[in-house]
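Student: Below are the structure tokens for one structure; questions will follow.
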Amino acid sequence: MFTMIKLKFIFISLSISFLISHDSVKDSIYNSRKNAITNAVEFASNSVVGVNVTKIKKQRMNPFLDPFWDDFFPSTRSYKVESFGSGLLFDNEGYIITNQHVVQNASEIIVTTGGGQKHEAELIGSDDLTDLALLKIDYNDLVETNLGNSDELIIGEWVIALGNPLGLFNVSNKATATIGIVSSLNMDFGKKESGRVYQNMIQTDASINPGNSGGPLINAHGEVIGINTFIMTNNDYLNGSIGIGFAIPINLVKEIYEGLKEDGKIDRNYFTGIHIQNIDMAMKKYLKLPNNFGVIITEIEPNSSGLRSGLKTGDVIIAVNSKNIKDSSDIFRIIDEGLHKTGDYIQLTILRDSITMEINLKLEGQKSNWWTF
């Protein structure tokens with residue numbers, strides 16, 4: 001009897017030892033599969049959110065009816081359009097960074113945090129020029145993101161795109177991850193037709209698809225180094241990723257975040273009091289200008305930064321920030337591409353009596369007419 005009990009005890013002990021050993025082996029195998037990438041995804045995923053947007057659009061039911069009769073015979077109907085994007089929890093106060101194009105003209109913004117909790121978000125402010133927007137949700141259980149330094153990126157280093165491609169966040173209640181490398185840095189696209197300026201962009205071959213916009217691009221340490229914004233495709237009919245995606249550097253995002261959080265906007269309205277006119281061939285000959293560059297100052301308003309800078313009527317502006325200009329639109333484009341704000345200075349290169357001069361001009365006040373800046 002004693003022997004049987006002893007044998008049973010030994011059998012149970014061996015079984016327990018086997019189970020413990022088996023679990024230990026499983027844990028060892030599982031841990032051996034972990035690496036810098038898996039750790040980075042695990043570390044950063046909780047700061048990623050899905051952004052669902054509802055927009056109200058109007059459609060004319062009878063395009064042949066003169067709009068004059070709309071007050072008498074309504075011919076438009078309103079309908080909802082839903083879209084999605086991604087966002088990044090920027091701090092533990094509930095502030096979220098995303099792309100401006102994700103939430104543009106939104107009537108309702110719903111943010112889904114990890115685990116599937118949904119929150120109505122408030123649009124704090126946006127900056128059209130940099131395509132960034134700041135949202136806020138009322139939620140306490142938040143994980144503050146770990147921001148990196150986009151000035152220290154290395155071409156070829158591993159990066160991971162996290163986000164909500166094709167709305168998949170609502171399926172799994174967590175961010176989707178794709179991996180790639182930093183393909184290139186400092187990619188300048190200038191001012192686009194949309195009015196947005198994409199400068200110093202990070203190029204990556206990590207798969208970025210519709211819905212990834214506004215989500216983070218992280219490095220192998222789990223640090224956010226960019227905000228995924230747009231992709232290039234083969235043609236107008238292909239919307240999927242072909243491995244050419246671009247992210248806004250996080251150092252610029254930090255700057256815009258601070259401005260939007262403090263003021264709800266980035267002030268880019270300026271007025272210098274300078275009236276300008278494009279130069280045609282007749283004026284070029286009359287002024288004996290050496291090339292086709294430049295606009296002429298026709299008037300400078302009193303008590304303006306233009307007057308205080310030392311500019312004079314008749315001066316010909318041939319360059320802004322060392323970039324030659326052909327007409328007035330070039331001035332505004334160069335200022336926008338420099339992401340200048342109210343209070344910044346720009347450098348004008350002018351011709352006065354055949355003498356070239358450099359003058360610093362402060363951007364202040366409010367924009368006026370198109371012929372004034």
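The values are calculated or read from the model by the stated rules, or taken from the named source; none is laboratory data. The shown structure was predicted, so the numbers you read here are calculated from the model rather than taken from an experiment. Virtual Cβ from ideal backbone geometry, glycine too; neighbours counted across all protein chains shown. Note: areas computed on protein heavy atoms with side chains; ligands, DNA, RNA excluded. Shrake-Rupley method; radii C 1.70, N 1.55, O 1.52, S 1.80 Å.
Student: Kindly indicate whether ASP138 is in a helix (DSSP H, G or I) and touching a residue at least 12 places away in the same chain (Cβ under 8 Å).
Tutor: no
Student: May I ask you to list the residues in the range 180-196 that are in contact with a helix residue (DSSP H, G or I) (Cβ under 6 Å, 6 or more places away or on another chain) and either outside any strand (DSSP E or B) or of a type outside the set (D, E, K, R) (or both)?
Tutor: GLY190
Student: Suppose the filter is in contact with a helix residue (DSSP H, G or I) (Cβ under 8 Å, 6 or more places away or on another chain), surrounded by 16 or more Cβ atoms within 10 Å (Cβ to Cβ), β-branched (Val, Ile, Thr) and at negative phi; does THR98 pass it?
Tutor: When the stated conditions are applied, THR98 does not pass them.
Student: Name the single residue that is farthest from ASN228 (Cα to Cα) among those in the range 152-178 being in contact with a helix residue (DSSP H, G or I) (Cβ under 7 Å, 6 or more places away or on another chain) and open to solvent by 60 Å² or more (accessible area, probe 1.4 Å).
Tutor: Of everything passing the filter in the range 152-178, LYS174 is farthest from ASN228 (Cα to Cα).
Student: Inspect the range 157-172 for any residue being modelled with pLDDT under 90, part of a strand (DSSP E or B) and under 15 Å from the mean Cα position of the chain (by Cα) and give the result as yes or no.
Tutor: No, every residue in the range 157-172 fails to be modelled with pLDDT under 90, part of a strand (DSSP E or B) and under 15 Å from the mean Cα position of the chain (by Cα).
Student: Looking at PHE43, PHE84, which is the one that is in a strand (DSSP E or B), modelled with pLDDT of 80 or more and open to solvent by 20 Å² or more (accessible area, probe 1.4 Å)?
Tutor: Unique residue meeting the criteria: PHE84.
Student: If you check SER194 against the conditions, is it of a type in the set (S, T, N, Q) and surrounded by 14 or more Cβ atoms within 10 Å (Cβ to Cβ)?
Tutor: no
Student: Let me ask something else about it. If you scan the range 122-151, which residues turn out to be of a type outside the set (Ser, Thr, Tyr), open to solvent by less than 30 Å² (accessible area, probe 1.4 Å) and over 17 Å from SER213 (Cα atoms)?
Tutor: GLY125, ILE137, LEU142, GLY148
Student: Then there's this: Can you find a residue in the range 202-211 that is open to solvent by less than 30 Å² (accessible area, probe 1.4 Å), part of a strand (DSSP E or B) and modelled with pLDDT of 95 or more?
Tutor: yes
Student: Quick one: is ILE346 under 27 Å from the mean Cα position of the chain (by Cα), closer than 17 Å to ILE274 by Cα, assigned to a helix (DSSP H, G or I) and in contact (Cβ under 8 Å) with a residue 24 or more places away in the chain?
Tutor: No; evaluated as a whole, the condition is false for this residue.
Student: Let me ask another. For the range 296-318, give me each residue that is closer than 19 Å to TYR270 by Cα and aliphatic (A, V, I, L, M).
Tutor: Listed by number, the residues that qualify are ILE297, ILE300, LEU307, LEU311, ILE317.
Student: Look at ASN186 and say whether it is at positive phi and either at pLDDT 95 or above or open to solvent by 60 Å² or more (accessible area, probe 1.4 Å) (or both).
Tutor: When the stated conditions are applied, ASN186 passes them.
Student: Out of LYS312, LYS323, LYS341, report the one residue that is charged (D, E, K, R), farther than 14 Å from ASN360 by Cβ, open to solvent by 30 Å² or more (accessible area, probe 1.4 Å) and more than 29 Å from the chain's Cα centre (by Cα).
Tutor: LYS312
A quick yes/no check of all residues on (1) assigned to a helix (DSSP H, G or I); (2) touching a helix residue (DSSP H, G or I) at 6+ places or on another chain (Cβ under 9 Å); (3) open to solvent by 20 Å² or more (accessible area, probe 1.4 Å):
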position: VAL253; (1), (2), (3): yes, yes, no
position: TYR257; (1), (2), (3): yes, no, no
position: LEU260; (1), (2), (3): yes, no, no
position: ILE266; (1), (2), (3): no, yes, yes
position: LYS285; (1), (2), (3): yes, no, yes
position: LEU289; (1), (2), (3): no, yes, yes
position: ILE297; (1), (2), (3): no, yes, no
position: PRO302; (1), (2), (3): no, no, yes
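Student: I've got another one for you. Can you tell me which residue in the range 220-232 is nearest to VAL102 (Cα to Cα), limited to those that are surrounded by fewer than 24 Cβ atoms within 10 Å (Cβ to Cβ) and either touching a residue at least 24 places away in the same chain (Cβ under 8 Å) or charged (D, E, K, R) (or both)?
Tutor: PHE230
Student: Out of (1) acidic (Asp, Glu); (2) open to solvent by 30 Å² or more (accessible area, probe 1.4 Å); (3) within 25 Å of ASP188 (Cα to Cα), the odd one out for ASP336 is which?
Tutor: Of the numbered conditions (1) acidic (Asp, Glu); (2) open to solvent by 30 Å² or more (accessible area, probe 1.4 Å); (3) within 25 Å of ASP188 (Cα to Cα), the odd one out for ASP336 is (2).
Student: For VAL111, only one of the following conditions fails: (1) touching a Phe, Trp or Tyr at 6+ places or on another chain (Cβ under 8 Å); (2) buried (at least 20 other Cβ atoms within 10 Å of the Cβ). What is its number?
Tutor: (1)
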